Amino acid sequence: MSQDTLKLSAARAAIQYVPEGKVIGVGTGSTANFFIDELAGIKGRIAGAVASSEATAERLSSHGIKVFGLDEIDAPLPVYIDGADEITHSGAMIKGGGGALTREKIIASVAEKFICIADGSKLVERLGSFPLPVEVIPMAWRPLSSRLAALYGGSPALRIREGKPFITDNGNYILDIAGLTVEDPRRMEAEINQLAGVVTVGLFACQGASICLLGTGQGVQTLHFRTC
Ligand code: 5RP
């Protein structure tokens, strides 16, 4: 089965977690896109969605799903549904491969449940094979690269697209740290968030997933995590 087929199966399985008549949070990326396309089929049953990126807002709107700003709704959201670049057996994740990590973390922080949708390749024993994205204020990218390398090892690199620095929806840069060993995701998340110039680190461990719907060759597996 292709990776896309597995992503689609996880996205389809997430529809059962969409509550009637509510505004839900929707993430960014190819798996989230499959979910949005499935959501279109039941759009009459929801009030609308809060989007974690401009791209997601556009896709939701193109299906006629009403998009709300986070300031227009009464928090908490019942559910936030999004993909991940890596997820562990305890629900800690690396996110931000699509560059939307900051808005993703904000929306996740006001959601009662984070439903992670992913293909089976995303489940890992330890985080760090996927380069860890860190959204940074542009003027800080170079000093932060040296600081992060000194603190954790690995190789931080400025994300480049089409020969230019990738700019997030918030007007910032992204450093991708390759070759990291993430022994303690919660501690690393808290520490990196404290560094001057860091906007958001793509570790979602202090507040990880509640449930992961994992598309595998043997069907969709549902993993439940203890949240704190
Ligand atoms: C975007 C993200 C995505 O959830 C993550 O990159 C997974 O993407 P995909 O579903 O395309 O594999 O964090 O910022």
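The values are calculated or read from the model by the stated rules, or taken from the named source; none is laboratory data. Since this is a predicted model, take the numbers as computed values, not measurements. Every residue, glycine among them, receives a Cβ derived from its backbone with ideal geometry; neighbour counts consider all protein chains shown. Calculation scope for accessible area: heavy atoms of the full protein, side chains included, ligands and nucleic acids excluded. Shrake-Rupley method; radii C 1.70, N 1.55, O 1.52, S 1.80 Å.
One chain, two ends: N193 and S146. Fully extended at 0.36 nm per residue, the span grows by 15.3 nm beyond their Cα-Cα distance.
Here the accessible area of segment 132-201 is 52 percent carbon and sulfur, with a 1.4 angstrom probe and all protein chains present.
If you plug the beta carbon distance of S62 and R126 into 1/(1 + (r/R0)^6) with R0 = 35 Å, you get a FRET efficiency near 0.35. In percent, rounded to a whole number, the relative contact order of segment 112-228 is 35, using alpha-carbon pairs under 8 Å and six or more apart. Taking the chain as a Gaussian network of alpha-carbon nodes connected by springs under 10 Å, the highest mean-square fluctuation of the residues G83, G163, G41 belongs to G163. For the chain, the square roots of the Cα gyration tensor eigenvalues, ordered a ≥ b ≥ c, give a/c of at least 1.5 with a/b greater than b/c, which places it in the prolate category.
Charge dipole of segment 132-201 (Cα centre as origin; +1 on each Lys and Arg Cβ, -1 on each Asp and Glu Cβ, all else neutral): 220 debye, rounded to the nearest 20. Within the listed set D176, D71, D119, the Gaussian network model of the chain (springs between alpha-carbon atoms below 10 Å) gives the highest mean-square fluctuation for D71. Element breakdown for segment 88-130 at a 1.4 angstrom probe: carbon and sulfur atoms account for 51% of the accessible area. Stretched out straight at 0.36 nm per residue, the stretch from Y17 to I106 would grow longer than its current Cα-Cα span by 30.0 nm. The GNM of the chain, with springs linking C-alpha atoms under 10 angstrom apart, assigns the highest mean-square fluctuation among D85, D37, D74 to D74. Mean sequence separation of contacting Cα pairs (under 8 Å, at least six apart), scaled by the length of segment 132-201, corresponds to a relative contact order of 46 percent.
What number comes out for the charge environment of P133, summing +1 per Lys or Arg and -1 per Asp or Glu over other residues with Cβ under 10 Å away? Taking every Cβ under 10 Å from that of P133, the sum is -1. Contact order, relative form, for the chain: 22 percent (alpha carbon pairs under 8 Å, 6 or more residues apart, mean separation divided by residue count).
In this Cβ point-charge picture (+1 for Lys and Arg, -1 for Asp and Glu), the chain has a dipole of about 80 debye about its Cα centre. Estimated translational diffusion coefficient (Stokes-Einstein, Kirkwood radius over Cα pairs, 4 °C, 1.567 mPa s) of segment 81-183: 90 µm² per second.
Rolling a 1.4 Å probe over the heavy atoms of the protein chains gives segment 132-201 an accessible area of 52 Å² per residue.
Of V110, G98, P19, which is farthest on the positive side of the dipole of segment 1-135, counting Cα position, with +1 on Lys and Arg Cβ, -1 on Asp and Glu Cβ, and the Cα centre as origin? Positive-most Cα among the choices belongs to P19. Backbone N atoms of segment 102-118 closer than 16 Å to the 7 Å Cα→Cβ label point of T216 belong to residues 117-118.
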